[in-house]
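Every read-out reported here was derived from the displayed coordinates using simple, explicitly stated rules and does not represent laboratory data. All figures in this text were calculated on a predicted structure; none of them were measured in a lab. Cβ atoms come from the backbone with ideal geometry, glycine included; neighbour counts cover every protein chain shown.
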Amino acid sequence: MIGLVRKMVQSVSTSVRLKVPYYDVDMMQIVWHGHYLKYFDVARQALFRDRGVDLHRYMEEKGYAFPIVRSIIKHISPLRFDDEFICTAVLKEATVKIVLDFEIKLTSNHKVCTRGRSEQVALRVPEMEMAFLIPEEIKKALFGKQQL
């Protein structure tokens, strides 16, 4: 019998603790839907920073930009003014594109409020041509010594 061997890849993730400011809520006193993308971005930047990746500097030095080409958000339960929450970013892929999954949970009861995903691609600048692969040094920094 031939067995299938799966290599367990440890997840790369970062969590940030945030608090809803008054200026993020709408007339219904809940967080306006567009602000969830801002919270995702805070977690995304923390994950990149934790892995030593500065995509803005990389663009200046190496001529690549990394625009977000897709965002998906599932709103489950609203955040309200003064809610404390944890936003977690989990790296899912960094080969053809950088894919991150997000989850927002209240700190008080761990209730999941929002889940989402973003996808970023590599563009050569100034041509604005799709690279179709994430540069190897970015991929290695994000995943470390793990097999991709």
Ordering of 92-104, 56-68 by burial proxy (mean other Cβ atoms within 10 Å per residue, highest first): 92-104, 56-68
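Going by a ≥ b ≥ c, the root eigenvalues of the Cα gyration tensor, does the stretch 53-100 fall in the rounded group (a/c under 1.5), the prolate group (a/b larger than b/c) or the oblate group?
On the way: a/c = 2.84, a/b = 2.03, b/c = 1.40.
It comes out prolate by the Cα gyration axes.
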Would you mind giving the three semi-axes, in whole Å and largest first, of the ellipsoid equivalent to the stretch 1-124 according to its Cα gyration tensor? 29, 21, 13
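As a test of the definition: which semi-axes, in Å, follow for the stretch 70-129 when you take the square root of five times each eigenvalue of its alpha carbon gyration tensor? Largest first, please. The partial results should precede the final answer.
Working: eigenvalues 184, 26, 17 Å².
Whole-Å semi-axes of the equivalent ellipsoid: 30, 11, 9.
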Residues whose built amide H sits under 5 Å from the amide H of residue 107, excluding neighbours closer than 5 in sequence, are 84, 85, 86
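Holding the Cα-Cα limit at 24 Å, pick out from 62/139; 92/140; 105/140; 105/139; 38/62; 38/92 the pairs that are longer than that. Mind dumping the intermediate values first?
On the way: 62/139 15 Å; 92/140 14 Å; 105/140 29 Å; 105/139 28 Å; 38/62 26 Å; 38/92 20 Å.
The pairs that break the limit, which is 24 Å between Cα atoms, are 105/140; 105/139; 38/62.
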